[in-house]
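These notes concern the structure reproduced below.
The values are calculated or read from the model by the stated rules, or taken from the named source; none is laboratory data. Source: prediction; values computed, not measured. Because the Cβ atoms are built from the backbone with ideal geometry, glycine has one as well, and the counts that use them run over all protein chains shown. Side chains included, ligands, DNA and RNA excluded: accessible areas come from the protein's heavy atoms. Shrake-Rupley method; radii C 1.70, N 1.55, O 1.52, S 1.80 Å.
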Amino acid sequence: AVVVAKVKTTIDALAEGKLPDFTNTGLKESNEIIINNELNATLPDKIYATGLNDRMIDVHYELRNINDIILSHEIDTQGLSLKENPNYPQELQPRDRERQASYEWVIDKSKNISPLRLIISIDDSVGAPIINATGICESGNGRGLILKKAFQDGDAKHYTKQLQDLGYPAKDGDI
């Protein structure tokens, strides 16, 4: 399981000055979402959105299965590359993640992750991946791919331990 910063309003809606409609989020009832309200009281509830001229966005932190987060790309271990996720609106991804250098960066970082750099931040360029109400990663796709690869390869033990230390009921082997 991974911690995500879930926006209380989506980045696109903020940019357009509109509030989103959360009535039909598309989330499956079987998704396990754990919100640690005690921990949320100690974590920043606003993150600087650098893509929005450093405007602040409201967030809360949740524990989610990494496979329930819709990332911009998927890890193609057969072709040793990243490929576009057809379920992701690619216009939200400003980077060319299909370059070999992106794949190598994900592989390198997943083998030696820095847990706190993937959990807590007041800046959208580091910290937990930022998702919207439907689970689409709006910022932090690279960080999400790093975590996904680390869990796939069994390299997320330090990350899971850090989550436990922060009070989340994460278990070794949880994705």
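State yes or no: is Lys83 modelled with pLDDT of 80 or more and of a type in the set (Lys, Arg)? Yes: the conditions hold for Lys83. For Gln164, the stated conditions hold: it is free of Cβ contacts under 8 Å to residues at least 40 places away in the same chain and either buried (at least 22 other Cβ atoms within 10 Å of the Cβ) or within 13 Å of Ala1 (Cα to Cα) (or both).
Considering only residues in region 144-159 that are of a type in the set (D, E, K, R) and open to solvent by 30 Å² or more (accessible area, probe 1.4 Å), the one that is nearest to Val4 (Cα to Cα) turns out to be Lys148. Consider only pairs whose beta carbons are under 8 Å apart and that are at least six residues apart or on different chains; among these, list those whose first residue lies in region 98-116 and is closer than 13 Å to Gly144 by Cα and in contact (Cβ under 8 Å) with a residue 12 or more places away in the chain and whose second residue is open to solvent by 90 Å² or more (accessible area, probe 1.4 Å) and assigned to a helix (DSSP H, G or I). As it stands, the answer is Ile113/His158; Pro115/His158; Pro115/Lys161, since those pairs meet every condition given.
Of all the criteria given as (1) open to solvent by less than 40 Å² (accessible area, probe 1.4 Å); (2) in contact with a helix residue (DSSP H, G or I) (Cβ under 9 Å, 6 or more places away or on another chain), the one not satisfied by Val126 is (1). Taken over region 48-68, the criterion of being open to solvent by 10 Å² or more (accessible area, probe 1.4 Å) and modelled with pLDDT of 85 or more is satisfied by Asn65, Asn67, Asp68.
With the structure loaded, tell me whether Ile130 is in contact (Cβ under 8 Å) with a residue 24 or more places away in the chain, under 22 Å from Ala170 (Cα atoms) and more than 11 Å from the chain's Cα centre (by Cα) or whether it fails that test. Spelling it out, it is not the case that Ile130 is in contact (Cβ under 8 Å) with a residue 24 or more places away in the chain, under 22 Å from Ala170 (Cα atoms) and more than 11 Å from the chain's Cα centre (by Cα).
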